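The values are calculated or read from the model by the stated rules, or taken from the named source; none is laboratory data. Computed from a predicted model, the values in this text were never measured in an experiment. Heads up, the Cβs are rebuilt from the backbone with ideal geometry, glycines too, and the neighbour counts pull from every protein chain shown.
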Amino acid sequence: MIVDIKDVDSFRFMVLSNQDFVIVVFRGSSNLANWLADFDIILTPFENMKNNLVHQGFYFSVLSMLDELQEVVAKRKNNAQNMYITGHSLGAAQAIISAFACPFLSDFVSVTTFGEPKIGDSGLITCFNSKLQSCPPSGQSKLYRVVNGWDPIPSLPLFYKTQFYYHEGCFYLYAKSEGDHYDVKNTSTPLNPDLIDHFPIGQQEILEWRINYHAIGLYISNALANIDNSVF
C-alpha cells in the first residue's frame, strides 16, 4: 500500500493505492480557512454545467487542489485499478464535487461521504444523480452518503437568497446511535430540502442538535460496526 498525503493551501487530501485500487480521501474542516470555505455559501456556476450552481467555498477548494491531485493520481493509477473517493464533512463535499470537477476521477466506482453538507441547487443535483445511479435506492448506486442521527451538518446550508440547497441521491445510510447497523433511508423526493429529515423520529427539536454526532471518530466507529452489514 502506498500512501500520499498532500497539503494544498489550507486543505488536505490523501491517496491510498495498490495494484487493485486507488482511494482518494479528503480531510474535513480543521482550521480557520477551512471554516471560511464552509461558510462561503454563495451559489456559483459549475464549470461545464453553466446553468447549475454549486456551493462556492466547497467548489473553489476542490479547484485549488486540482493540479496536485491530478499529479498524484496520474502517478498511482497505472493500470485498471478501481477508483474510490471519500471524505468527511468539508471533505465529504469535496469528494462528491471532485468526482465531477476533476476529469481524471470520472471513472470512479463509488463515492462514499460521511456527514456531508448540502452542495448545490436542484439543477446541479439532477445532473449528478444521472451518473450516480442512486435513484431509486439500490446496490447499484455509485453514491453512499452516510449520516449519523443528530448530526446537524447534513441539514446545512439551507438556502442562498431565494434558492434552496439540496443533497444528491435518493437515499442515505443512517445510524441512529453509536454502533447501530445502517438503515437505508429514502428521501421523500430526489430533491429534498428538508431541514430535519435525518433526525430520529419523535426527536426533531432543533435545539437538541449535538455537534459531537458529527465527529469523524463516531463515523469511523459506526462504519466499522457495519463492515459485515449488507444494507440492500
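Report yes if THR112 is free of Cβ contacts under 8 Å to residues at least 60 places away in the same chain and within 20 Å of VAL184 (Cβ to Cβ), otherwise no. Reasoning before the result, please.
On the way: free of Cβ contacts under 8 Å to residues at least 60 places away in the same chain: yes; within 20 Å of VAL184 (Cβ to Cβ): yes.
Spelling it out, THR112 is indeed free of Cβ contacts under 8 Å to residues at least 60 places away in the same chain and within 20 Å of VAL184 (Cβ to Cβ).
One line per residue, one yes/no per condition, for (1) buried (at least 21 other Cβ atoms within 10 Å of the Cβ); (2) under 12 Å from the mean Cα position of the chain (by Cα); (3) small (Gly, Ala, Ser):
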| residue | (1), (2), (3) |
| --- | --- |
| ALA92 | yes, yes, yes |
| ILE96 | yes, yes, no |
| PRO103 | no, no, no |
| SER110 | no, yes, yes |
| GLU116 | yes, yes, no |
| ASP121 | yes, no, no |
| LEU132 | yes, no, no |
| PRO136 | no, no, no |
| VAL146 | yes, yes, no |
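Suppose we keep only residues that are more than 18 Å from the chain's Cα centre (by Cα) and part of a helix (DSSP H, G or I) within the range 21-35. Which one would you say is farthest from ASP7 (Cα to Cα)?
Our first condition is that a residue be more than 18 Å from the chain's Cα centre (by Cα); within the range 21-35, this holds for 21, 31-33.
Checking the rest, the ones that are also part of a helix (DSSP H, G or I) come to 32-33.
Details: LEU32: 15, ALA33: 13 Å.
Once the filter is applied, the top-ranked residue is LEU32.
From (1) part of a helix (DSSP H, G or I); (2) surrounded by fewer than 22 Cβ atoms within 10 Å (Cβ to Cβ); (3) not basic (Lys, Arg), pick out the condition that doesn't hold for VAL62.
(2)
Which of the residues spanning the range 81-125 are hydroxyl-bearing (Ser, Thr, Tyr) and at pLDDT 95 or above? Explain how you work it out, then say what you get.
Filtering the range 81-125 down to residues hydroxyl-bearing (Ser, Thr, Tyr) leaves 84, 86, 89, 98, 106, 110, 112-113, 122.
TYR84, THR86, SER89, SER98, SER110, THR112, THR113 - these are the residues of the range 81-125 that are hydroxyl-bearing (Ser, Thr, Tyr) and at pLDDT 95 or above.
Pick from SER141, SER130: which is modelled with pLDDT of 85 or more, farther than 24 Å from GLY57 by Cβ, of a type in the set (Gly, Ala, Ser) and in a helix (DSSP H, G or I)? Walk me through it before giving the result.
Details: SER141 fails: in a helix (DSSP H, G or I).
Step by step, each of SER141, SER130 is checked, and only SER130 is modelled with pLDDT of 85 or more, farther than 24 Å from GLY57 by Cβ, of a type in the set (Gly, Ala, Ser) and in a helix (DSSP H, G or I).
Within the range 76-108, how many residues are free of Cβ contacts under 8 Å to residues at least 40 places away in the same chain, out of contact with any Gly (no Cβ under 9 Å at 6 or more places or on another chain) and in a helix (DSSP H, G or I)?
Of the residues in that region, 3 qualify.
Within the range 42-78, which residues are more than 16 Å from the chain's Cα centre (by Cα), among the β-branched types (Val, Ile, Thr) and within 21 Å of THR113 (Cβ to Cβ)?
Within the range 42-78, THR44, VAL72, VAL73 qualify.
Just checking, does the range 64-72 include any residue being in contact with a Phe, Trp or Tyr (Cβ under 7 Å, 6 or more places away or on another chain) and farther than 30 Å from GLN163 by Cβ?
Step one: of the range 64-72, the residues in contact with a Phe, Trp or Tyr (Cβ under 7 Å, 6 or more places away or on another chain) are 64-65, 69-70.
Among the residues that remain, those that are also farther than 30 Å from GLN163 by Cβ are: 70.
Within the range 64-72, one or more residues are in contact with a Phe, Trp or Tyr (Cβ under 7 Å, 6 or more places away or on another chain) and farther than 30 Å from GLN163 by Cβ.
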